[in-house]
1. What length, rounded to one decimal in nm, is gained on full extension from N161 through to S243, with 0.36 nm per residue of separation minus their alpha-carbon distance?
2. At a Cα cut-off below 18 Å, give the lysines reachable from K132, other chains included and same-chain residues fewer than 8 away excluded.
3. Could you give each residue of segment 39-48 its phi-based ³J(HN,Hα) in whole Hz, using Karplus coefficients 6.51, -1.76, 1.60 with θ = phi - 60°, and x for Gly or Pro?
4. Using r as the Cβ-Cβ distance of D212 and E364, and R0 as 56 Å, what FRET efficiency do you calculate, to the nearest 0.05?
5. Calculate for the chain the 222 nm mean residue ellipticity that helices alone would give, adding -39,500 (n - 2.57) per DSSP H run of length 4 or more and normalising by residue count, nearest 500 deg cm²/dmol.
6. Show me, for segment 202-215, the HN-Hα J-couplings you get by feeding each phi into the Karplus relation (A = 6.51, B = -1.76, C = 1.60, θ = phi - 60°), rounded to Hz, glycine and proline as x.
7. Taking 7 Å along the Cα-to-C-beta vector as the label spot, tell me the S285-K355 distance in nanometres, rounded to one decimal.
8. Using the C-alpha atoms of the chain, what convex hull volume per residue, in cubic angstrom, is computed?
Amino acid sequence: MGVNREELFDKVVNLSKRRGFVFQSAEIYGGFRSTYDYGPVGVLLLRNVKEQWWRSMVQLRQDVVGLDAAILSPPSIWEASGHLTNFTDPLVDCRECGSRFRQDKLEDPNSCPGCGSKSSFTEARQFNLMFKTHAGPVIDSAAEVYLRPETAQGMFTNFTNVLNTSRKKPPFGIAQIGKSFRNEITPGNFVFRTREFEQMEMEYFVPPDDSDEWFEYWCKKRMEWYLNLGMKNDSLRLRIHESDELSHYSRATSDIEFSFPWGWDELEGIANRTDYDLNQHAQASGNKLEYNDSGTGERYTPHVIEPAAGATRTAMAFLMDAYDEEEVNGEVRNVLKLDHRLSPYKVAVLPLSKKDELIEPSKEVLDLVQPHWMCDYDQTQAIGRRYRRQDEIGTPYCVTIDFETLEDKAVTVRERDSMNQDRVPINELVEYLSSRLVP
Ligand code: GAP
C-alpha cells in the first residue's frame, strides 16, 4: 500500500506524539518553539542510533578513540576556530509583517513567505548563530562563555592530550557524541533543524599527502553505515559541495542527503578541514599541535577528515524511512520497519489474557529475556490490538504466552514484518531471539 510522500511528514509527527517518540518541549506551557523532548520510545531510538554510530566508529576500530568534551567553552576557542567571525547566516526582516528569515533559504529572495509582500526585505545582515551566556555571578564581558555550536572543537583542543595518552599515530581519529546549540534563524521541519540538537562527529587526523584518499574513504564508509542499518538506497545520495558552499575551514565537503518529504536535505557532512583547526589553535594558544614521529624524526601538522552527523536528525530520517502502511485483512496496519538494532524495544512480552494463571508465567518469560534486550510488557486490550501497537513502534518480536503454554512450556513468537509465528520452547527462547537479534 505504501505511504503518500505528501502525507508522510504529518503521519510521522503524529505518530511521534501519539506513541511517545517526540513531544513538544514545555507543552503544558504552550510549547517552547523548535525545542523537543524525547519520550519513552524516542529516547530508545535515539540511544540506538548513537550506539550504532559508536559501535561502527569506535568499538569496531583500533584507530579511533572516544572523547566527551565540555559544552561550555571560552571565547578564545571560538575566536581561534573562526566561529566568532564566520559562523553566521544572512538575516533579513520583512518591513511589512516584521517576520525574519534566513536569506539563503528563501525560495524567492524578493517575496516574503509570511505575508506575500514583494521587495519588502531589509538589507541582509550577518547573524552569529552561537548562544552566549555568562559563567559565574558577574554578568560582564569578562564572564562571557559560549555553548558549543559543534562538538568538533573539543577534539582539536584535546589533540595532544589524546595523542599522548592513547599512543595512537596518524591516521587516527577522535570521536564524540553530544549536544550542540545553534541560535537558528529559521528552525523547523520538526526535529530536522532545532536550536538544541545532538551531533555524532569524528575528527580523523591523517598525513597531509593522504587527505584526499581518506576523504573518499570516509564518504564511502559513512554511506555504507546508513545502508547497513536498513535505510533504503533510493532515500540516500552523496552530494559534492560547490566551492561557494564550503565552510570557512573546508577544502572539500560532501553531504550525505536523505530524501525528506520536502526534498533532499542534509543528514551528514564529510569535510576535509585540512590543518586549519590545529594551526589556528596552535597559533592562538601558543601550544604546538603536531605529530612528532620519534622513530623517523618526522614532524608535521596532520590534516583532518571530519564525518559530522546529526543524531537527532538521523533518528528522524530513520523513522521516516521505516514508516509504512499495509492492508491486512481489510484493515490498515501501521508498521515501523526499523532495523532491529534501531528498534526501541526488541521484544514485547504479551500474555494472551489478563487471567491470573497467565500472568505469572508471563513475568517469568519477561525475567528471562529482559536482561538481554529492551523489552515491553503489555497485558491490556485484545492481542490483535497489542500486536498493532508494537508494529507501530517497530518492535521486531512479540512473545505471547497462552493457555497452552501452561501445558507445553512453549510460547508463540511473532515476527513484525512477515507476521509469521513460531512456537518456541521457553527454554530455547533466548537462543532463538539471540540468533535473530544480532548486534
Ligand atoms: N563540525 C562540523 C559541523 O558541525 P554541520 O554540517 O554544521 O557540520 C553536522 O553539522 C550535522 O549536524 C548536520 O549534518 C546535521 O545533521 C546536524 N545539525 C546541524 N545543525 C543542526 C540543527 N540546527 N538541528 C539539528 N541538527 C543539526
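No lab work stands behind these numbers, since they all come straight from the coordinates. Everything numeric in this text was worked out from a predicted model, so none of it was measured. Quick reminder, even Gly has a Cβ in these numbers, built from the backbone with ideal geometry, and neighbours come from all protein chains shown.
1. Numbers: separation 82, 0.36 × 82 = 29.52 nm, distance 3.38 nm.
26.1 nm is the gain from fully extending N161 to S243.
2. K179
3. x, x, 8, x, 5, 6, 4, 4, 4, 5
4. Values: r = 58 Å, r/R0 = 1.04.
The formula returns an efficiency of 0.45 here.
5. Details: 13 runs with 129 residues, N = 439.
Theoretical 222 nm ellipticity from helices: -8500 deg cm²/dmol.
6. Karplus values, whole Hz, x for Gly and Pro: 9, 9, 10, 8, 10, x, x, 5, 9, 5, 5, 5, 5, 4.
7. Output for this residue pair reads 6.9 nm.
8. 194
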